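Participant: My structure is below; once you've seen it, I'll send some questions.
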Amino acid sequence: MNCTPKHPVKPNRSVEISKLLFIGLIILPLNSFWVIDTGIAGHGVNFTRVSLFMNAIFVIFVLSLINPLLKKYIPKFTLNNGDIVLIYVMLCVSSAIAGHDMIQRLFPLIGHAFYFATPENDWQELFHAYVPRWLVVTEESVLAGYYKDRGTFYYETLYVPEYIQAWIGVCLAWSSVIIALLVCMLCINLLVRKQWSERERLTYPLAQIPLEVISNGPRLFKTRLIWMGFAASAALNIVNGIHYLFPIAPSIFYGRFMLSQYFTTRPWSYLGWIPIELHPFAVGLAFFMPLDLSFSCWFFYWFWRIERVVGVQFLGGSVLAGFPFTWAQSIGTCAAILFMTLWGFRFEGRKILKSFFRAPPADEQVEMRGYRWALLGIFVSFSYLIGFCYVAGMSIWVSTVFFLIFFGLSTVVTRIRLEAGYPMHDFAFRPEDIMVSAFGTRPIGPTSLTLFSYLHFFTYAHRSNPQPHQLEAFRLADRMNLSINRKLIAGILIATVVGSIAACWAYLHTAYHYRGSTWPGWPIFNRLQNWLNYSRGTDFKSLIFMSVGMGIGMGFLIARRLFIWWPFHPAGYVIGGTWSLNLLWFSIFVSWVAKLIILRFGGLKLHRQASAFFIGLVLGEFVTASFWGFIGAILGQSTYRFI
């Protein structure tokens, strides 16, 4: 007798979600610990310095390989593509929170201004009165264990009642800020998602790697070119990793070649630091960048340097010292990108606002209900951030302008990443520096300037900005035809809350076991000391060059719409002046040349075939880097770091 039901049994949704949440809650604290361990203990590559978090790629790579075994031997633990996408985005969000430009910058600031205050720097008299005590730790006995002060008695572990009591309130306060930031980012993404994906058709280059890993799994390595790329980059990192541990062993291309050593006389010495490094992961990721963007990146890298040479030669030490004001011009170009982004969103935005106050058509009710929740989420989270800063002592107008600039920059970073796919987005355009340039220090006031120093932890460079990772997760779901939007949102929110708390624990656990970082405490509080000691007015030169940069950015954007052949992209103009391009410009140049030749002589067909090799380059370097990071965490010692 056939007992098979006529209709397939639907999976138990509550069991499915419980399984995913259980996996997430187990994995996230371990992941946060791993990211922190490599970041501050130096036991491997800092995973969150690059655009794609290699630890997240490594985990889904392993899950995709073992999933067939789970399906065969333990079917109830089999993961479908939707499960792996959810795990991936939760890993990315928690890694961003624990990352190089968030938690790893927050904790060095919390106790620094009090522990290192001396009569010489006069910090106590200068700004201690402006620091809310509920945001910092001031007890020397607690901080001695963090900084491993050999002249003071301290415990070697975090798990002492005195330490936990001192840190727990501070961690909860700062975790609430992180949660509000990420909720606001998520809601902004929900508003722009359809416009960017369906109407403007942004390419999401960096999403290509996790998409291939999740959708193909073990089938990836049935392609010979992937094996070749994987083997090439993996061999490089394995050999150099062994050399790092045992210097007597040989190495391959270990270190960097300095091109600037040949330009030592004036004015060519003003070309600056020009290393030549070849990173397989950067070559692989840059292959998925549009040609005009990869060209713009390396072209403007040299453009900015030649501009400095020209400026020194013809302007010397004149009133335009500091020419070409790369920082100011880049901010202006970011403003142009933001303006054009908002301009392109005007029709959709008008429809969303109208639907917020009156009932939308029947066929749009579900979509508009989601937009309403997104608008409400932005209002609540933004209001919380303003209220938090107000209670801490910051003026409402200052905090409002500060967070408007921050979320504007964060949206531009997201836009550039989804359009360009640059391998390392370190855009050091900080709202506090922009405000000081625009208004001077006196109108902002000493309390707000002091709080700027503590908010610096999420404004520094956007390398581990969570917003692009959130939006890329929805892209992965769309490309794989997965209807898991609610699960994704729930996963992001859970990863945000759990990841914030787990990152605080992981940092303190690692710091008290090894030693807490003192950087960026010194440069940030020295900057504050300078602001308070030497009042400054509006920096009109910077504002002028911001306007110049905005004009150039608008010109590039308009030219791209008018002329199909226009080769320059404003995102490349911004990226060309960033620090990370020193490390990556040569890799991007090599990838651009390879892609240009492939398209010129083989067309799209050869391009699609060759992409497997470049995917292999990325996977090989990320997997081996994660392997060395894992070994370093187990052994408790430093391992090979390729960047």
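The values are calculated or read from the model by the stated rules, or taken from the named source; none is laboratory data. Only a predicted model underlies this, so the values are computations on that prediction, with no experimental measurement involved. Here Cβ is always computed from backbone atoms with ideal geometry, including for glycine, and neighbour counts include all displayed protein chains.
Participant: Kindly indicate whether ARG350 is modelled with pLDDT of 90 or more and either in contact with an Asp or Glu (Cβ under 9 Å, 6 or more places away or on another chain) or over 30 Å from VAL310 (Cα atoms) (or both).
Facilitator: The answer is no for ARG350.
Participant: Going through segment 355-393 one residue at a time, which ones are of a type in the set (Lys, Arg) and at pLDDT 95 or above?
Facilitator: none
Participant: What is the number of the single condition among (1) surrounded by fewer than 21 Cβ atoms within 10 Å (Cβ to Cβ); (2) modelled with pLDDT of 80 or more; (3) in a helix (DSSP H, G or I); (4) aromatic (Phe, Trp, Tyr) that PHE300 does not meet?
Facilitator: Just one mismatch for PHE300, condition (1).
Participant: Something else about it: Would you check if MET228 is among the aliphatic types (A, V, I, L, M), outside any helix (DSSP H, G or I), surrounded by 13 or more Cβ atoms within 10 Å (Cβ to Cβ) and touching a helix residue (DSSP H, G or I) at 6+ places or on another chain (Cβ under 9 Å)?
Facilitator: It is false that MET228 is among the aliphatic types (A, V, I, L, M), outside any helix (DSSP H, G or I), surrounded by 13 or more Cβ atoms within 10 Å (Cβ to Cβ) and touching a helix residue (DSSP H, G or I) at 6+ places or on another chain (Cβ under 9 Å).
Participant: May I pose another question? For segment 440-459, name all the residues that are of a type outside the set (Lys, Arg) and surrounded by fewer than 20 Cβ atoms within 10 Å (Cβ to Cβ).
Facilitator: Within segment 440-459, GLY440, THR441, PRO443, GLY445, PRO446, THR447 qualify.
Participant: Could I ask something else about it? Return the only residue of ILE588, ILE598, ILE615, ILE643 being surrounded by 15 or more Cβ atoms within 10 Å (Cβ to Cβ), within 23 Å of SER233 (Cβ to Cβ) and without any contact (Cβ under 8 Å) to a residue 24 or more places away in the chain.
Facilitator: Being surrounded by 15 or more Cβ atoms within 10 Å (Cβ to Cβ), within 23 Å of SER233 (Cβ to Cβ) and without any contact (Cβ under 8 Å) to a residue 24 or more places away in the chain holds for just one of ILE588, ILE598, ILE615, ILE643, which is ILE598.
Participant: In segment 26-49, which residues are in a loop (DSSP other than H, G, I, E, B) and in contact with a His (Cβ under 9 Å, 6 or more places away or on another chain)?
Facilitator: Residues satisfying the conditions are ALA41, ASN46.
Participant: Is it fair to say SER535 is surrounded by fewer than 22 Cβ atoms within 10 Å (Cβ to Cβ), of a type in the set (Gly, Ala, Ser), modelled with pLDDT under 95 and not in a helix (DSSP H, G or I)?
Facilitator: Yes, satisfied.
Participant: Then there's this: Name the pairs: first residue in segment 438-466 and closer than 27 Å to ILE544 by Cβ and touching a residue at least 24 places away in the same chain (Cβ under 8 Å), second residue acidic (Asp, Glu) and surrounded by 18 or more Cβ atoms within 10 Å (Cβ to Cβ), Cβ to Cβ under 6 Å, at least 6 apart or on different chains?
Facilitator: Matching pairs, first to second residue: PHE452/GLU432; TYR460/ASP101; ALA461/ASP101; ALA461/ASP426.
Participant: Could you list, in sequence order, the residues of segment 248-301 that are among the charged types (D, E, K, R) and in contact with an Asp or Glu (Cβ under 8 Å, 6 or more places away or on another chain)?
Facilitator: ARG256
Participant: Could you check, for segment 86-102, whether at least one of its residues is among the charged types (D, E, K, R), over 20 Å from ILE27 (Cα atoms), in contact with a helix residue (DSSP H, G or I) (Cβ under 6 Å, 6 or more places away or on another chain) and surrounded by 15 or more Cβ atoms within 10 Å (Cβ to Cβ)?
Facilitator: No: segment 86-102 contains no residue that is among the charged types (D, E, K, R), over 20 Å from ILE27 (Cα atoms), in contact with a helix residue (DSSP H, G or I) (Cβ under 6 Å, 6 or more places away or on another chain) and surrounded by 15 or more Cβ atoms within 10 Å (Cβ to Cβ).
Participant: Now for a different question. Please find, among GLY629, GLY603, the residue that is surrounded by 14 or more Cβ atoms within 10 Å (Cβ to Cβ) and in a helix (DSSP H, G or I).
Facilitator: The unique qualifying residue is GLY629.
Participant: Please tell me if SER51 is more than 30 Å from VAL136 (Cα to Cα), of a type in the set (Ser, Thr, Tyr) and under 15 Å from the mean Cα position of the chain (by Cα).
Facilitator: Yes, satisfied.
Participant: Here is a follow-up. Is it the case that segment 308-325 has a residue that's under 24 Å from the mean Cα position of the chain (by Cα), of a type outside the set (Gly, Ala, Ser) and not in a loop (DSSP other than H, G, I, E, B)?
Facilitator: Within segment 308-325 (the criterion being under 24 Å from the mean Cα position of the chain (by Cα), of a type outside the set (Gly, Ala, Ser) and not in a loop (DSSP other than H, G, I, E, B)), the answer is no, since none of the residues qualifies.
Participant: Yes or no: segment 522-530 includes at least one residue that is crowded, with 16+ Cβ neighbours inside 10 Å, under 23 Å from VAL35 (Cα atoms) and touching a Pro at 6+ places or on another chain (Cβ under 9 Å).
Facilitator: Within segment 522-530, not a single residue is crowded, with 16+ Cβ neighbours inside 10 Å, under 23 Å from VAL35 (Cα atoms) and touching a Pro at 6+ places or on another chain (Cβ under 9 Å).
Participant: Next up: Testing HIS469 on (1) crowded, with 22+ Cβ neighbours inside 10 Å; (2) under 25 Å from GLY521 (Cα atoms); (3) under 23 Å from the mean Cα position of the chain (by Cα), one condition comes back false. Which one is that?
Facilitator: (2)
Participant: Please give the number of the condition GLY111 fails out of (1) touching a Leu at 6+ places or on another chain (Cβ under 7 Å); (2) within 20 Å of HIS513 (Cα to Cα); (3) surrounded by fewer than 23 Cβ atoms within 10 Å (Cβ to Cβ).
Facilitator: Evaluating GLY111 over (1) touching a Leu at 6+ places or on another chain (Cβ under 7 Å); (2) within 20 Å of HIS513 (Cα to Cα); (3) surrounded by fewer than 23 Cβ atoms within 10 Å (Cβ to Cβ) leaves (3) as the failure.
Participant: Of these, SER437, SER383, which one is out of contact with any Gly (no Cβ under 7 Å at 6 or more places or on another chain) and crowded, with 18+ Cβ neighbours inside 10 Å?
Facilitator: That would be SER437, the only listed residue that is out of contact with any Gly (no Cβ under 7 Å at 6 or more places or on another chain) and crowded, with 18+ Cβ neighbours inside 10 Å.
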